[in-house]
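Undergrad: Take this structure, written in structure tokens, and hold onto it; I'll ask about it next.
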Amino acid sequence: MSDGQATGALHATLPTRYYTDPDHYNRELEAFWFRSWLCVGAADEVAEPRSFKVVEVGDQSILLTRDAEGRLQAFHNTCRHRGSVLCEQASGSFPSDQIICPYHGWSYGLDGALQRTPFEIPCDAFDASQYSLYGVSAIEWAGHMFINLDTDGPQDADEALGPMTERLRNWHLDQTRVGHRMIRDVKCNWKVFWENATECYHCPGIHPELCRVVPYYGQTKLGPGDGSPRLAEGAVTWSLDGQTTLPWFPDLTEEQQKAGHTYGMMLPNFIVVGHVDYARVIYMLPLGPESIRLTIHWLFRDETLAHDDFDIDKAIEFAAIVVDQDAKACELNQKGLHCRRHEAGVVMPQESSVHEFIHQWIHDGLQ
Amino acid sequence: MSDGQATGALHATLPTRYYTDPDHYNRELEAFWFRSWLCVGAADEVAEPRSFKVVEVGDQSILLTRDAEGRLQAFHNTCRHRGSVLCEQASGSFPSDQIICPYHGWSYGLDGALQRTPFEIPCDAFDASQYSLYGVSAIEWAGHMFINLDTDGPQDADEALGPMTERLRNWHLDQTRVGHRMIRDVKCNWKVFWENATECYHCPGIHPELCRVVPYYGQTKLGPGDGSPRLAEGAVTWSLDGQTTLPWFPDLTEEQQKAGHTYGMMLPNFIVVGHVDYARVIYMLPLGPESIRLTIHWLFRDETLAHDDFDIDKAIEFAAIVVDQDAKACELNQKGLHCRRHEAGVVMPQESSVHEFIHQWIHDGLQ
Amino acid sequence: MSDGQATGALHATLPTRYYTDPDHYNRELEAFWFRSWLCVGAADEVAEPRSFKVVEVGDQSILLTRDAEGRLQAFHNTCRHRGSVLCEQASGSFPSDQIICPYHGWSYGLDGALQRTPFEIPCDAFDASQYSLYGVSAIEWAGHMFINLDTDGPQDADEALGPMTERLRNWHLDQTRVGHRMIRDVKCNWKVFWENATECYHCPGIHPELCRVVPYYGQTKLGPGDGSPRLAEGAVTWSLDGQTTLPWFPDLTEEQQKAGHTYGMMLPNFIVVGHVDYARVIYMLPLGPESIRLTIHWLFRDETLAHDDFDIDKAIEFAAIVVDQDAKACELNQKGLHCRRHEAGVVMPQESSVHEFIHQWIHDGLQ
């Protein structure tokens, strides 16, 4: 992310057709979505051995489950025989330690190995070890599940997920749970979401409540690198009045407490933000060239959920307002991009992070 | 238009795929719809300075408004910054003499010039004069608004809109108003509409009411060039009984009175017809390869609208019947064009205007 | 069809994209659907001279009717003039021995010859014999109508429809009638239907009722060539208990009686099966790359329909269960085929008929 210092430099936006063209969308699925680590849910959605969840990444159906040792496993939701889907339900629990195809009954272990093809006929040419389920890399961090359809590369969370794991370490998010989930479909290209998320030039006009709690945003600069943006005088967290009566995360540094929010981001689908009294995760999956699905999780410690002052409506209201404002802004942006004369827009100095963070990354990934 | 004289010549229709293929449709948007003058509404839909209307031409969203001097202005409905849509509403009135982008607050004058970017950071490279709204040519005639997305070429109504302005001059249509509006979506390619509109070979079977008032149409010939087709004996206008008790347009020639109807047409989207007691406008916009939207305006002078005998239901019933019959015929034609063996049809001698007026124009435009 | 003898050979399935790609689907429409004999309904749906039915084959609308001599005729449902559809209704009866285009009134005989263009203008260039309706080959067999959009090739039922006419001869199906019709849309590619129909490796898991009546299917082998599969001990027909109190088809051989079912198939759209007391037809038409429509007809002799024990619910329940099970299996298979890593599956020895019967035929047809 940019250091938030306006450089005075102007850059063109990405070509407009990158945001609307179905063929380019498919190219980006291949270049980014099928090669990156992606959050696909909270770990407790697949809590026990044999429990499973099916998620859609672009047009790919992915099956998440846990083996007998509790390790998260992920596979393409497709049988190696003639390609039947393995799980029709969005979630559930397998009756045994096997994944059994509903069509011809091929059975796989929870590690994806083909165990049995029914009514076997001797056939020297058939080597069961060549017919394991199509594997997908899977790791857990911060109480969430991450997958990577490209199975090469690092499988360790710190290495795979990058600097955000260090930045949020003091929140011990693996000890929180999802207190509230919000799902919102937004009619925009996935890059419009990111451009909006990485600049605050729009904040004064779009987010009055946010600018009251974080006045720095009202100056249309963005950049947590230097400890800024600070909260308003007297505010301690992201709530409508900047206050909280809930307990604080105990291990935050003084700097983290003063900052009021600490961001972690991982392109193309994950944002996490830690406040003193709660944390929040946003993950996004593309539904098409001009449509995304946002899932927002509000995370709390057990102690907080059990606290006398805990009120879920109050806890979520501030961020829910901001998410709604951003969603509407993204849809405005997407609509206007159909203008045939608008071959590209301009990134203003206040939005340098859009150019540096997003556009360079896109540019490099499409090479 | 043809002189209505049957020539005995046969011609092939346009290739059938021109009517169904999405790629060819996009080619025609570029060749015709984005280069021609198009009617997009009645002038009183954008009556006052600051009032606005948004119209869709193909996939292009166009913003119409009036400046402080009352001049009609038209722009692509897209901000020059990062491409947000400027107006979300279909119509309304700006609160000031500015068009302000709802995303980052860039503000433009009603002439489209960029006036202010909020929270400016000194940046030598930024030249505001390079960021005016994408302009669209706009003129008014006959109480209607016409735009041209290709901003080169004539901007004077008589020159831009061609001979129909002279032919309808005696109706002084700028002194009429819309007494009734009818909107009808028809499932056909836009060229099917024009082919139907320029031949009357279909009239005996499809339009019995019309053929009673204009018997010439029942002979399956079309061609107003020589003053024909005449009304039926005793008829004076296009109504179910050919009669009217409403006042006549005062400046019509004897020939125009006798003709009963005087047509003006402008490809690809506009038809106007003047009768002795009312006038009618049809404009058409494409919604897709196989879908159009027709808007029909019945135009009357104030004196007529205030007349004791004025009855809007009676005034519109005749033309509404004819429009409905034509819409159904166009949908029949479109449906049958999917036959894979029908590479092209045949234009009969009675339909020479289809060949001369439409097909030659299409052929030339696609060069 | 395979002889049901497991060969121990493995083959790859067709490339996965053959089942999902719209361009490949269009290629298969041309290669198979527009060149093969297809069942399109029961003969009594177009019972009398002048009665008609319109059917859709892919994106082609076909008009079936009978001439004055009662001969079945089929045409593309498109006028030769400017391509209007001829019949808007799905079925009905013409008021005369003419097919009259609703647009300009061109009239054709029930043999498709152009008889009259209204308001003729002398035009030497016009040769009516060149404007007959686009003909489609049509024949009748077993009380059903078959068409072929490719009008070359054999027109005799025995020659056109192949060996199934001989195999089912003893049922005299032209003397049966449709006692029940079931229409079911299934979300799968048409080849998935055939692959499912030609292997019984899925039977033990999917069809418990069927495996009770035909235990051979429970052994996951398929192949009627040698008189197998036999019915269960004591069973005589395909019903839930294997019994029937209805009269038997009188001319079956002892072998046909013992077999309990005799299949006929004709790629790409027709299956017929004769039991001792009823027969069943399934014909399938493609609705898109991933969608088909099945029509199932239960056929009975008049004597059977009039029998005291005849109960239509009981007569159809068994086959309706099996059809439903197969439809669900086909949808499972289609869903899983979107996995980007599944370039092809594997055909097991028990499914050799899938490879031999279907894949070779597809492979040859696409040359």
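Undergrad: Does segment C:110-119 hold any residues that are more than 9 Å from chain B (Cβ to nearest Cβ) and either open to solvent by 50 Å² or more (accessible area, probe 1.4 Å) or touching a residue at least 40 places away in the same chain (Cβ under 8 Å) (or both), and which are they? Break it down into steps so the answer makes sense when it comes.
TA: Initially, segment C:110-119 is screened for residues more than 9 Å from chain B (Cβ to nearest Cβ), giving C:110-116.
Listed by number, the residues that qualify are C:Leu110, C:Asp111, C:Gln115, C:Arg116.
Undergrad: To continue, here is another question. Consider C:Pro349 against the criteria (1) crowded, with 18+ Cβ neighbours inside 10 Å; (2) under 28 Å from C:Thr237 (Cβ atoms): it satisfies all of them except one. Which criterion is unmet?
TA: Only one criterion is unmet by C:Pro349, namely (2).
Undergrad: Separate question: Exactly one condition in (1) in a helix (DSSP H, G or I); (2) out of contact with any helix residue (DSSP H, G or I) (no Cβ under 6 Å at 6 or more places or on another chain); (3) at pLDDT 95 or above; (4) not hydrophobic (A, V, I, L, M, F, W, C) is false for B:Glu159; which is it?
TA: (3)
Undergrad: Being closer than 29 Å to C:Tyr283 by Cβ and assigned to a loop (DSSP other than H, G, I, E, B), is that true of even one residue in segment C:116-125?
TA: Taking segment C:116-125 and keeping what is closer than 29 Å to C:Tyr283 by Cβ, we get none.
No: zero hits.
Undergrad: Still on this model: Identify all residues within segment A:335-346 that are surrounded by fewer than 23 Cβ atoms within 10 Å (Cβ to Cβ) and part of a helix (DSSP H, G or I); write none if there are none.
TA: Of everything in segment A:335-346, just one residue is surrounded by fewer than 23 Cβ atoms within 10 Å (Cβ to Cβ) and part of a helix (DSSP H, G or I), namely A:Lys335.
Undergrad: Can you pull out the residues in segment C:93-103 that are open to solvent by 10 Å² or more (accessible area, probe 1.4 Å) and either within 7 Å of chain B (Cβ to nearest Cβ) or modelled with pLDDT under 95 (or both)? I'd like the intermediate steps shown before the answer.
TA: First, pick out the residues of segment C:93-103 that are open to solvent by 10 Å² or more (accessible area, probe 1.4 Å): C:93-98, C:100, C:102.
Residue satisfying the conditions is C:Pro102 alone.
Undergrad: Open to solvent by less than 10 Å² (accessible area, probe 1.4 Å), within 14 Å of another protein chain (Cβ to nearest Cβ), in contact with a Ser or Thr (Cβ under 6 Å, 6 or more places away or on another chain) and hydrophobic (A, V, I, L, M, F, W, C): which single residue out of A:Trp106, A:Trp33 fits that description?
TA: On the way: A:Trp33 fails: in contact with a Ser or Thr (Cβ under 6 Å, 6 or more places away or on another chain).
From the options A:Trp106, A:Trp33, the qualifying one is A:Trp106.
Undergrad: Check C:Phe52 against each of (1) among the aromatic types (Phe, Trp, Tyr); (2) within 25 Å of C:Val272 (Cα to Cα); (3) at the interface with chain B (Cβ under 10 Å from one of its Cβ atoms) and name the one condition it does not meet.
TA: (3)
Undergrad: Let me ask something else. Restricting to segment A:138-163, what's the tally of residues that are free of Cβ contacts under 8 Å to residues at least 24 places away in the same chain and of a type outside the set (Asp, Glu)? Walk me through how you get there before you give the answer.
TA: To start, the set of residues in segment A:138-163 that are free of Cβ contacts under 8 Å to residues at least 24 places away in the same chain comprises A:151-159.
The next check asks that each one be of a type outside the set (Asp, Glu); those that pass are A:151, A:153-155, A:157.
Going through segment A:138-163 one residue at a time, the tally reaches 5.
Undergrad: Now a separate question. Taking the criterion of being at pLDDT below 95, over 30 Å from A:Ala31 (Cα atoms) and open to solvent by 40 Å² or more (accessible area, probe 1.4 Å), would at least one residue in segment A:260-281 satisfy it?
TA: Looking through segment A:260-281, none of the residues is at pLDDT below 95, over 30 Å from A:Ala31 (Cα atoms) and open to solvent by 40 Å² or more (accessible area, probe 1.4 Å).
Undergrad: If you don't mind, another one. Have a look at C:Ala43, C:Ala47 and point out the one that is under 22 Å from C:Phe270 (Cβ atoms), small (Gly, Ala, Ser) and more than 16 Å from the chain's Cα centre (by Cα).
TA: Details: C:Ala43 fails: more than 16 Å from the chain's Cα centre (by Cα).
None of the other options fit; the residue is C:Ala47.
Undergrad: Checking A:Asp150 against (1) closer than 23 Å to A:Ser61 by Cβ; (2) among the acidic types (Asp, Glu); (3) open to solvent by less than 10 Å² (accessible area, probe 1.4 Å), only one condition comes out false. Which one?
TA: Result: A:Asp150 passes all but (3).
Undergrad: Please specify each residue of segment B:308-358 satisfying the condition of being in contact with a His (Cβ under 8 Å, 6 or more places away or on another chain), closer than 18 Å to C:Tyr131 by Cα and not basic (Lys, Arg).
TA: Matches in segment B:308-358: B:Gly336, B:Cys339, B:His342, B:Gly345, B:Val346, B:Val347, B:Met348.
Undergrad: Identify, please: which residue in segment C:179-202 is touching an Asp or Glu at 6+ places or on another chain (Cβ under 7 Å) and modelled with pLDDT of 95 or more and is, among those, surrounded by the most Cβ atoms within 10 Å (Cβ to Cβ)?
TA: Let us first name the residues in segment C:179-202 that are touching an Asp or Glu at 6+ places or on another chain (Cβ under 7 Å), namely C:186-189, C:196, C:199, C:201.
Going one step further and asking which of them are modelled with pLDDT of 95 or more, we end up with C:186-189, C:196.
Numbers: C:Val186: 24, C:Lys187: 15, C:Cys188: 24, C:Asn189: 27, C:Asn196: 24.
Once the filter is applied, the top-ranked residue is C:Asn189.
Undergrad: Scanning for something touching a Ser or Thr at 6+ places or on another chain (Cβ under 7 Å), assigned to a loop (DSSP other than H, G, I, E, B) and closer than 19 Å to A:Tyr103 by Cβ, does segment C:298-316 turn up at least one residue?
TA: no
Undergrad: Can you tell me which residue in segment B:144-156 is farthest from A:Arg341 (Cα to Cα), limited to those that are more than 14 Å from every other protein chain (Cβ to nearest Cβ) and more than 18 Å from the chain's Cα centre (by Cα)?
TA: Among residues in segment B:144-156 that are more than 14 Å from every other protein chain (Cβ to nearest Cβ) and more than 18 Å from the chain's Cα centre (by Cα), the one farthest from A:Arg341 (Cα to Cα) is B:Pro154.
Undergrad: Let me ask something else. Within segment B:84-129, which residues are aromatic (Phe, Trp, Tyr) and touching a strand residue (DSSP E or B) at 6+ places or on another chain (Cβ under 9 Å)?
TA: Pass one, segment B:84-129, residues aromatic (Phe, Trp, Tyr): B:94, B:103, B:106, B:108, B:119, B:126.
B:Phe94, B:Tyr103, B:Trp106, B:Tyr108, B:Phe126, listed by residue number.
Undergrad: Here's a follow-up. So B:Arg82 clears everything in (1) free of Cβ contacts under 8 Å to residues at least 40 places away in the same chain; (2) surrounded by fewer than 18 Cβ atoms within 10 Å (Cβ to Cβ); (3) of a type in the set (Lys, Arg) except one condition, right? Which one?
TA: (2)
Undergrad: Would you confirm, using the coordinates I've provided, whether C:Ser61 is away from chain B (no Cβ under 14 Å), in contact with a strand residue (DSSP E or B) (Cβ under 7 Å, 6 or more places away or on another chain), crowded, with 16+ Cβ neighbours inside 10 Å and not hydrophobic (A, V, I, L, M, F, W, C)? Let's see the steps before the verdict.
TA: Numbers: away from chain B (no Cβ under 14 Å): no; in contact with a strand residue (DSSP E or B) (Cβ under 7 Å, 6 or more places away or on another chain): yes; crowded, with 16+ Cβ neighbours inside 10 Å: yes; not hydrophobic (A, V, I, L, M, F, W, C): yes.
The answer is no for C:Ser61.
Undergrad: When you check B:Leu222 against the structure, is it modelled with pLDDT under 95 and crowded, with 16+ Cβ neighbours inside 10 Å, yes or no? Explain how you work it out, then say what you get.
TA: Working: modelled with pLDDT under 95: yes; crowded, with 16+ Cβ neighbours inside 10 Å: yes.
Here the answer is yes, as B:Leu222 does meet what is asked.
Undergrad: Also: For segment A:293-341, enumerate the residues that are farther than 23 Å from A:Ala42 by Cα, away from chain B (no Cβ under 14 Å) and without any contact (Cβ under 8 Å) to a residue 12 or more places away in the chain.
TA: Answer for segment A:293-341, where residues must be farther than 23 Å from A:Ala42 by Cα, away from chain B (no Cβ under 14 Å) and without any contact (Cβ under 8 Å) to a residue 12 or more places away in the chain: just A:Asp308.
Undergrad: Follow-up. Closer than 22 Å to B:Asn196 by Cα, surrounded by fewer than 18 Cβ atoms within 10 Å (Cβ to Cβ) and not assigned by TED's automatic domain parsing to the domain that holds C:Val273: which single residue out of C:Glu88, C:Glu159, C:Glu56, C:Glu69 fits that description? Walk me through how you get there before you give the answer.
TA: Numbers: C:Glu159 fails: closer than 22 Å to B:Asn196 by Cα; C:Glu56 fails: closer than 22 Å to B:Asn196 by Cα; C:Glu69 fails: closer than 22 Å to B:Asn196 by Cα.
Matching residue, one of C:Glu88, C:Glu159, C:Glu56, C:Glu69: C:Glu88.
Conditions tested, residue by residue: (1) over 19 Å from the mean Cα position of the chain (by Cα); (2) more than 24 Å from B:Leu149 (Cβ to Cβ); (3) assigned by TED's automatic domain parsing to the domain that holds A:Gly205.
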site: A:Glu303; (1), (2), (3): yes, yes, yes
site: A:His307; (1), (2), (3): yes, yes, yes
site: A:Asp311; (1), (2), (3): yes, yes, yes
site: A:Ile316; (1), (2), (3): no, yes, yes
site: A:Ala319; (1), (2), (3): no, yes, yes
site: A:Asp324; (1), (2), (3): no, yes, yes
site: A:Gln334; (1), (2), (3): yes, no, yes
site: A:Leu337; (1), (2), (3): yes, no, yes
site: A:Arg340; (1), (2), (3): yes, no, yes
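Undergrad: Consider A:Ala90 carefully, then state whether it is closer than 18 Å to C:Arg341 by Cβ and more than 11 Å from chain C (Cβ to nearest Cβ).
TA: Numbers: closer than 18 Å to C:Arg341 by Cβ: no; more than 11 Å from chain C (Cβ to nearest Cβ): yes.
When the stated conditions are applied, A:Ala90 does not pass them.
Undergrad: Can you spot a residue in segment C:130-143 that is within 14 Å of another protein chain (Cβ to nearest Cβ), modelled with pLDDT under 95, part of a helix (DSSP H, G or I) and in contact with a strand residue (DSSP E or B) (Cβ under 7 Å, 6 or more places away or on another chain)?
TA: No - not one qualifying residue is present in segment C:130-143.
Undergrad: Follow-up question, since we're still on this one. Quick one: C:Pro286 ticks every box in (1) over 16 Å from the mean Cα position of the chain (by Cα); (2) farther than 26 Å from C:Val214 by Cβ; (3) open to solvent by less than 10 Å² (accessible area, probe 1.4 Å) bar one, so which box is it?
TA: Single failed check for C:Pro286: (1).
The values are calculated or read from the model by the stated rules, or taken from the named source; none is laboratory data. Worth saying up front: this structure is predicted, and the values here are computed from it rather than measured. With ideal geometry, Cβ positions are generated from the backbone for all residues, glycine too; neighbour counts draw on all protein chains shown. Side chains are part of the model used for accessible areas, which takes the heavy atoms of the whole protein and leaves out ligands, DNA and RNA. Shrake-Rupley method; radii C 1.70, N 1.55, O 1.52, S 1.80 Å.
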